[in-house]
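Just below is one structure, and these are the notes that go with it.
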Amino acid sequence: MTPFPLIRAMDRGGLAFVVLLATIAVVVPVLNLAVPPTSPFSVSTYFVSLFGKYICYALLALALDLIWGYCGILSLGHGAFFALGGYAMGMYLMRQIGTRGVYADPIRPDFMVFLNWPELPVYWYGFQHFPYALLMVVLAPGMLAFVFGWFAFRSRVTGVYLSIITQTLTFALLLGFFRNNFGFGGNNGLTDFKDILGFNVQAQGTRAALFAISTLALMTGFIICRAIVASKFGKVLIAIRDAESRTRFLGYRVESYKLCVFTLSACMAGIAGALYVPQVGIINPSEFSPANSIEAVIWVAVGGRGTLIGAALGAVLVNYAKTYFTSGVLAPYWLFMLGGLFIAVTVLLPRGIVGSVNHWMAERRARKATIGSSPAAVAAPRAAE
Amino acid sequence: MLGLCSRWLTLVFALGIYAALPIVAFAGPYEDALSRFVTNDFGDTTEAINGVAASGNPLAAVVIDALQDGRLLFSAESNKVFFRDSADQLIDAVTGQPVTAGTPTDLAPVEINNRLRRVIEAALGALTLMVGEPDKRLEAAERVFQSRDANALPALDQAIAKETDGRVKQALKEARAAVVLNLDEASDADKIEAIGVIRSRGNQDAVALLANVPANSSAAVKKAATDAVASMQGGLALWGALQNAWYGLSLGSVLALAAIGLAITFGVMGVINMAHGEMVMLGAYTTFVVQELIRAKNPALFGYSLAIAIPLAFMVSGVVGILVERCIIRFLYGRPLDSLLATWGLSLILQQAVRTGFGANNREVGAPSWMSGAFEVGQMTITYNRLWIIVFTLIVFVTLLGLLRLTRLGLEMRAVTQNRSMAAAMGIRTGRIDALTFGLGSGIAGIAGVALSQIDNVSPNLGQSYIIDSFMVVVFGGVGNLWGTLVGAFTLGIANKFLEPFAGAVLGKITILVLIILFIQKRPRGLFALKGRAVEA
């Protein structure tokens, strides 16, 4: 056994996943940058930015799976934390534009000049410094999740009520960010980014680097989630998911556990959003729309809730399907497919893809164990609640 | 050279006019005034308009109307004024007879500018004071009230003396008061009396008028005006609050209609139906289809189109609801979060299906005559469609309440809501109740769609705009109790409308959302929560 507790927390599949992500983080940028485009091994920049986007979604799905799959909190507003992280990064990128904007104002972004704002609002201060922006990427969603969660969990809002309230949260933010006087560019959001840490965001090298960083972030996120789930803390989370009242009666402070994991998950979603924005080049209020958040839930459901790997795979899979179908002649039917996916997964495949595979393997192992011992207790997690 | 030439021509014409003048001048004030149009000079035209208007000639209104539309023509050569009537026939402005022979060759329209347009408006206002329907006279009086044109004073005095309709007479008096107040020659006593008349009007226009008394008025007049404004503000604020309350009731009734079905399904089955908004949309599209069929087959039935659409919408949405319950929801019992996701998927499918079938654009749904229009109560305007929707909501509510209290189905539904397993043990087929409940909730959503088609755009996204608000109502009001839904809907509706003037529509909405999140802290199960052991499970 290795001396590192983090590695010890890994099962075999988890280790394979970490190795896979590390390989992708190295190999894809190399194939994109060093291999000539004519070579069959070359990876196009289009592919890099497309999958860079998916990887960010995967990190969001991972964050969602941590609270839904292991703690039974179905958040229909995780897109809000994702978007907040994105906005924090977007504000940094806006400040980097400087005099290259349309109005060439060294301090104020274009939309503020356009709206006749005399000076930079106080909450925009400090965003020219990258470390401060990074801090806000984690802090803004984290604080919101902490305050919201403190109120919600303390008064024992659970189940569908909590889902509806989280949806309301993101809806309220959507309305707010659409307003011009909110100070975040209103309808158009933040865009026209020039460079990040001095590197041009459009450049091939920057894109490859962002891809690598996103993949490493996903890897780190996975390791952290895995460590949490395998720890004693994680066991309590699972206990809360399966029998909240019983866990409370056993003496655990359920709301503290929930608040802790909810805030952590929001921070992860914020980081995902921050990595997403420089890759797509825009952040606008539509990221807050409740439909986006609920779509993230279906990624997790497709991949398999409570499996972590499944959540990440589900995000990439569903989004690849979305890109594939919405760009072809099948575009008008994509929503039918997405809707059908929601129904099919919940009715026919409640464990998701990875969950079902795990379940099937566990059953097979149990059958193989000829001696009358009890079947392997690795059964995939039950549905939340 | 050219200048000299034109000056020469002017001289010739001037001589010509002088030669003709005696004949015209003796013909009377109307003809006299009319002749001034011929110079096509803005100053002369102003005098001509006022002269024609004051002459009392029956053709006066027609001539000024023609001037406004650029149909008034003059011939400098023959020193005559003509106008074209609606049939494009040339009419002699003096006689009112069509010109049969000898049309002048130099006909040109009399030019007007913006200042003249205001003069024309005022003159027309004064002219129509005495003729036409009472509504037209009322409108004319209103126009004078707005223009405060001093020239209208004689006409107003005449009109007040002749007027028999009390409502129009009051309007005329107010218009006269508005004119007097702005008349420099009027005495202070007259002006203060005028302020009294205007004050009795008591609306926003009156406040605006009194707040802007001419700067050269005496101190006494100014004081009287300020006092009057102060006394009117209180009344206006009250009416403003009433109007807001009315808008709030209207919004609340819409929310209640949309949320009642949701509350029933949630209460009985613990299922949040995310496709509920789409059931509303189906109801609205049913109305559209019904109206299209009626237009095509039997237009005489149009007045009954909504009455026909209501049961059909109930059936369409209800059947879809039962199908959904039998095919999807019943496999997801005990998994409320999963049914939430599945119904969300369903809502995507239904939206896209309607988009494919009917197109993404808004569809036109007409209103029968008894639902269009408005009437006024004091200072507030009440539109018939909103009024009917409130009445309709109450009817639906009472019917539903009766259904739950008095019928067998209602009894069984309440039993399942309170304790599912005990109800099953007592021989209630809970599966059947679930299907019927889901059908009923969806059917009511369909009915709500019929009502919403009258006040909102019928588009595939119709349901989406109401679903979050409906959830808020259910969360706020609590489940399993229809009164909670009704109280919740009206509270939210009214709170929304009262916050809007202070905070703006969007910020008002955000405030409401935040307040609800805070409210949930105090009462996690809503205003009218069911009490009992089963509910806590």
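The values are calculated or read from the model by the stated rules, or taken from the named source; none is laboratory data. Owing to the predicted nature of the structure, the values given are computational and were not obtained by experimental measurement. Don't worry about glycine lacking a Cβ; one is built from the backbone with ideal geometry, like all the others, and counts go over all protein chains shown.
Quick test of your reading of the structure: B:ASN481 fulfils all but one of (1) surrounded by fewer than 24 Cβ atoms within 10 Å (Cβ to Cβ); (2) modelled with pLDDT of 85 or more; (3) in contact with a helix residue (DSSP H, G or I) (Cβ under 8 Å, 6 or more places away or on another chain). Name the failing condition by number.
(2)
In this structure, does A:ASN187 turn out to be over 23 Å from B:ASN273 (Cα atoms) and either at the interface with another protein chain (Cβ under 10 Å from one of its Cβ atoms) or not in a helix (DSSP H, G or I) (or both)?
Taking the combined requirement at face value, the residue does not satisfy it.
Taking the criterion of being within 14 Å of chain B (Cβ to nearest Cβ), closer than 15 Å to B:LEU340 by Cα, surrounded by fewer than 19 Cβ atoms within 10 Å (Cβ to Cβ) and at pLDDT 90 or above, would at least one residue in the stretch A:322-340 satisfy it?
Looking for residues that are within 14 Å of chain B (Cβ to nearest Cβ), closer than 15 Å to B:LEU340 by Cα, surrounded by fewer than 19 Cβ atoms within 10 Å (Cβ to Cβ) and at pLDDT 90 or above, one finds at least one in the stretch A:322-340, hence yes.
Are there any helices (runs of 4 or more DSSP H) wholly within the stretch B:26-111 with 2 or more residues that are more than 20 Å from B:LEU129 (Cβ to Cβ), and if so which?
B:29-35, B:42-55
Here is a check on your reading of the model: is A:ARG207 more than 14 Å from chain B (Cβ to nearest Cβ) and crowded, with 18+ Cβ neighbours inside 10 Å? Before you say what the answer is, go through the steps one by one.
On the way: more than 14 Å from chain B (Cβ to nearest Cβ): yes; crowded, with 18+ Cβ neighbours inside 10 Å: yes.
Here the answer is yes, as A:ARG207 does meet what is asked.
When the stretch B:29-60 is examined, which residues are found to be among the aliphatic types (A, V, I, L, M) and buried (at least 21 other Cβ atoms within 10 Å of the Cβ)?
Of everything in the stretch B:29-60, those that are among the aliphatic types (A, V, I, L, M) and buried (at least 21 other Cβ atoms within 10 Å of the Cβ) turn out to be B:ALA33, B:LEU34, B:VAL38, B:ALA48, B:ILE49, B:VAL52, B:ALA53, B:ALA60.
Do you know which of the residues in the stretch A:119-137 that are within 19 Å of the chain's Cα centre (by Cα) and surrounded by 19 or more Cβ atoms within 10 Å (Cβ to Cβ) is farthest from the other protein chains (Cβ to nearest Cβ)?
Here is the first cut: in the stretch A:119-137, the ones within 19 Å of the chain's Cα centre (by Cα) are A:133-137.
Keeping just the survivors that are surrounded by 19 or more Cβ atoms within 10 Å (Cβ to Cβ) gives A:133, A:136-137.
On the way: A:ALA133: 26, A:MET136: 22, A:VAL137: 24 Å.
That would be A:ALA133.
Among the candidates A:ALA22, A:ALA16, A:ALA88, which residue alone is out of contact with any Gly (no Cβ under 6 Å at 6 or more places or on another chain), more than 30 Å from A:ILE240 (Cα to Cα), among the aliphatic types (A, V, I, L, M) and surrounded by fewer than 24 Cβ atoms within 10 Å (Cβ to Cβ)?
Working: A:ALA16 fails: more than 30 Å from A:ILE240 (Cα to Cα); A:ALA88 fails: surrounded by fewer than 24 Cβ atoms within 10 Å (Cβ to Cβ).
Result of the check over A:ALA22, A:ALA16, A:ALA88: A:ALA22.
Sort through A:ALA63, A:ALA145, A:ALA80, A:ALA152 and tell me the only one that's in contact with a Cys (Cβ under 9 Å, 6 or more places away or on another chain) and within 14 Å of chain B (Cβ to nearest Cβ).
That would be A:ALA145, the only listed residue that is in contact with a Cys (Cβ under 9 Å, 6 or more places away or on another chain) and within 14 Å of chain B (Cβ to nearest Cβ).
Spot the failing condition for B:ALA220; the list is (1) in a loop (DSSP other than H, G, I, E, B); (2) over 30 Å from B:PHE358 (Cα atoms); (3) of a type outside the set (Phe, Trp, Tyr), and only one is missed.
(1)
Across the stretch B:261-299, what is the total count of residues that are surrounded by fewer than 24 Cβ atoms within 10 Å (Cβ to Cβ), in a helix (DSSP H, G or I) and small (Gly, Ala, Ser)?
Going through the stretch B:261-299 one residue at a time, the tally reaches 1.
Taking the stretch B:418-430, which residues are at pLDDT 90 or above and either closer than 28 Å to B:MET279 by Cα or touching a Pro at 6+ places or on another chain (Cβ under 7 Å) (or both)?
B:ILE428, B:ARG429 - these are the residues of the stretch B:418-430 that are at pLDDT 90 or above and either closer than 28 Å to B:MET279 by Cα or touching a Pro at 6+ places or on another chain (Cβ under 7 Å) (or both).
Which of (1) within 11 Å of chain B (Cβ to nearest Cβ); (2) of a type in the set (Phe, Trp, Tyr); (3) more than 30 Å from B:GLY478 (Cα to Cα) is the odd one out, the single condition A:PHE171 does not satisfy?
Of everything listed in (1) within 11 Å of chain B (Cβ to nearest Cβ); (2) of a type in the set (Phe, Trp, Tyr); (3) more than 30 Å from B:GLY478 (Cα to Cα), A:PHE171 misses just condition (3).
Would it be correct to say that A:GLY98 is assigned to a loop (DSSP other than H, G, I, E, B), more than 14 Å from every other protein chain (Cβ to nearest Cβ) and either on the phi > 0 side of the Ramachandran plot or at pLDDT 95 or above (or both)?
no
List every residue pair whose Cβ atoms sit under 9 Å apart, with the two residues 6 or more apart in sequence or on different chains, where the first one lies in the stretch A:343-364 and is at negative phi and the second, anywhere, is among the basic types (Lys, Arg) and surrounded by 17 or more Cβ atoms within 10 Å (Cβ to Cβ).
Filtered contacts from the stretch A:343-364: A:THR346/B:ARG335; A:PRO350/A:ARG305; A:PRO350/B:ARG335; A:ARG351/A:ARG305; A:GLY355/A:ARG305; A:VAL357/A:ARG351; A:ASN358/A:ARG351; A:HIS359/A:ARG351.
Pick from the stretch B:105-156 the residues that are of a type in the set (Val, Ile, Thr) and touching a helix residue (DSSP H, G or I) at 6+ places or on another chain (Cβ under 6 Å): which of them is nearest to B:ARG36 (Cα to Cα)? Write out each step before concluding.
Filtering the stretch B:105-156 for residues of a type in the set (Val, Ile, Thr) gives B:105, B:110, B:112, B:119-120, B:128, B:131, B:144.
Okay, now just the ones that are also touching a helix residue (DSSP H, G or I) at 6+ places or on another chain (Cβ under 6 Å), so B:110, B:119-120, B:128, B:144.
Details: B:VAL110: 11, B:VAL119: 15, B:ILE120: 15, B:THR128: 22, B:VAL144: 25 Å.
Within the stretch B:105-156, the match that is nearest to B:ARG36 (Cα to Cα) is B:VAL110.
Looking only at the stretch A:123-132, count how many residues are closer than 15 Å to A:GLY198 by Cα and touching a residue at least 40 places away in the same chain (Cβ under 8 Å).
1
Among the residues of the stretch B:306-354, write down those that are of a type outside the set (A, V, I, L, M), more than 8 Å from chain A (Cβ to nearest Cβ) and part of a helix (DSSP H, G or I).
B:PRO311, B:PHE314, B:SER317, B:GLY318, B:GLY321, B:GLU325, B:ARG326, B:CYS327, B:ARG330, B:THR343 - these are the residues of the stretch B:306-354 that are of a type outside the set (A, V, I, L, M), more than 8 Å from chain A (Cβ to nearest Cβ) and part of a helix (DSSP H, G or I).
When the stretch B:485-524 is examined, which residues are found to be among the small types (Gly, Ala, Ser) and either away from chain A (no Cβ under 14 Å) or touching a strand residue (DSSP E or B) at 6+ places or on another chain (Cβ under 8 Å) (or both)?
Scanning the stretch B:485-524 gives B:ALA489, B:GLY493, B:ALA495.
Considering A:ILE238, A:ILE224, which residue is over 21 Å from A:THR158 (Cα atoms) and of a type outside the set (Phe, Trp, Tyr)?
Result of the check over A:ILE238, A:ILE224: A:ILE224.
Output the residues belonging to the stretch A:349-371 that are of a type in the set (A, V, I, L, M), farther than 17 Å from A:ARG12 by Cα and either outside any loop (DSSP other than H, G, I, E, B) or under 33 Å from the mean Cα position of the chain (by Cα) (or both). Working first, answer last.
As a first pass, look at the stretch A:349-371 and keep what is of a type in the set (A, V, I, L, M): A:349, A:353-354, A:357, A:361-362, A:366, A:369, A:371.
Going one step further and asking which of them are farther than 17 Å from A:ARG12 by Cα, we end up with A:349, A:353, A:366, A:369, A:371.
Matches in the stretch A:349-371: A:LEU349, A:ILE353, A:ALA366.
Given the conditions (1) among the charged types (D, E, K, R); (2) assigned to a helix (DSSP H, G or I); (3) within 13 Å of another protein chain (Cβ to nearest Cβ); (4) touching a residue at least 24 places away in the same chain (Cβ under 8 Å), which single one is not true for A:ARG305?
(2)
Residue check, A:PHE249 against (1) more than 16 Å from A:GLY221 (Cα to Cα); (2) touching a residue at least 12 places away in the same chain (Cβ under 8 Å), all met but one. Which one?
A:PHE249 satisfies all of (1) more than 16 Å from A:GLY221 (Cα to Cα); (2) touching a residue at least 12 places away in the same chain (Cβ under 8 Å) except (2).
Of all residues in the stretch B:146-173, count the ones that are polar (S, T, N, Q) and farther than 22 Å from B:PRO214 by Cα. It would help to see each step written out before you state the result.
Of the residues in the stretch B:146-173, the ones polar (S, T, N, Q) are B:146-147, B:151, B:158, B:164, B:170.
The next check asks that each one be farther than 22 Å from B:PRO214 by Cα; those that pass are B:158, B:164, B:170.
Adding up the residues that qualify gives 3.
Can you find a residue that is farther than 30 Å from B:GLY166 by Cα and of a type in the set (Gly, Ala, Ser) anywhere in the stretch B:119-139?
no
Could you tell me which of the residues A:PHE199, A:PHE177, A:PHE193, A:PHE222 is crowded, with 24+ Cβ neighbours inside 10 Å, more than 18 Å from A:PHE262 (Cβ to Cβ), modelled with pLDDT of 90 or more and more than 9 Å from every other protein chain (Cβ to nearest Cβ)?
Unique residue meeting the criteria: A:PHE177.
Among the numbered criteria (1) in contact (Cβ under 8 Å) with a residue 12 or more places away in the chain; (2) part of a helix (DSSP H, G or I), which single criterion is violated by B:LEU527?
(2)
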